[in-house]
């Protein structure tokens, strides 16, 4: 079975713009910039023959690919594609104290402490457990040769580690911005990144 996965992060929200962590518990909408990004991505990839679209249960992912859904492409929501939950820090204004806590947590992850998490939040290992279930669903349909997946930044980094056989502690090696693309090919045995953090579609002039 061969398959091509187009994996994108959702478009910008106001909390993204403000540098405030959203996480799984914040069901925010795209802002004007996010809707523009979604339009640019659609214009660049509207002729790709997607067989299926998979999104998280958070509305910012559906809003990011709604134009593809409007073409009649079937879609499915999977909780395994939701963002990592940041617990008590979700939606909170960034202050030096919380910034330091975030940096310490990420350092823990990079050091291999993958069960570390904030109160009420999730660890990378917990996110990976539900991502594996989501990927099993996505990969269980051999007739879906070309698939569009819209998800979230931190979760995207974790998924890419798993797909490319990297330890989760190397998640920081996968940069991302809003509505960037990672294109992945599966040859029946392994996954390979074809396009890495591709943002060319966002550079198209809107004039």
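The values are calculated or read from the model by the stated rules, or taken from the named source; none is laboratory data. All values derive from a computational prediction rather than experimental measurement. Positions of Cβ are backbone-derived with ideal geometry, glycine not excepted, and every protein chain shown enters the neighbour counts.
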Taking only pairs six or more apart or across chains, which ones have beta-carbon atoms under 7 Å, a first residue in segment 173-196 that is closer than 27 Å to residue 63 by Cα, and a second residue that is surrounded by 13 or more Cβ atoms within 10 Å (Cβ to Cβ) and at pLDDT below 95? 178/16
Could you say which residue among 83, 122 is in a loop (DSSP other than H, G, I, E, B) and under 20 Å from residue 177 (Cα atoms)? 83
Can you name every residue in segment 66-109 that is closer than 20 Å to residue 166 by Cα and crowded, with 16+ Cβ neighbours inside 10 Å? 80, 81, 83, 84, 105, 108, 109
Please give the number of the condition residue 50 fails out of (1) closer than 25 Å to residue 195 by Cβ; (2) over 13 Å from the mean Cα position of the chain (by Cα); (3) part of a helix (DSSP H, G or I); (4) modelled with pLDDT of 95 or more. (3)
Given (1) more than 27 Å from residue 204 (Cα to Cα); (2) in a loop (DSSP other than H, G, I, E, B); (3) free of Cβ contacts under 8 Å to residues at least 12 places away in the same chain, where does residue 72 come up short, assuming only one miss? (1)
Complete set of residues in segment 103-120 that are under 19 Å from the mean Cα position of the chain (by Cα) and under 18 Å from residue 19 (Cβ atoms): 106
Exactly one of 92, 101 is farther than 20 Å from residue 54 by Cα, out of contact with any strand residue (DSSP E or B) (no Cβ under 7 Å at 6 or more places or on another chain), at pLDDT below 95 and not in a helix (DSSP H, G or I), and that residue is 92
So the check is Cβ under 7 Å with 6+ separation or different chains; which pairs have a first residue in segment 20-33 that's in a helix (DSSP H, G or I) and a second one that's at pLDDT 95 or above? 33/12
Among the listed residues 135, 148, which satisfies the condition of being free of Cβ contacts under 8 Å to residues at least 60 places away in the same chain, surrounded by 15 or more Cβ atoms within 10 Å (Cβ to Cβ) and touching a helix residue (DSSP H, G or I) at 6+ places or on another chain (Cβ under 8 Å)? 135
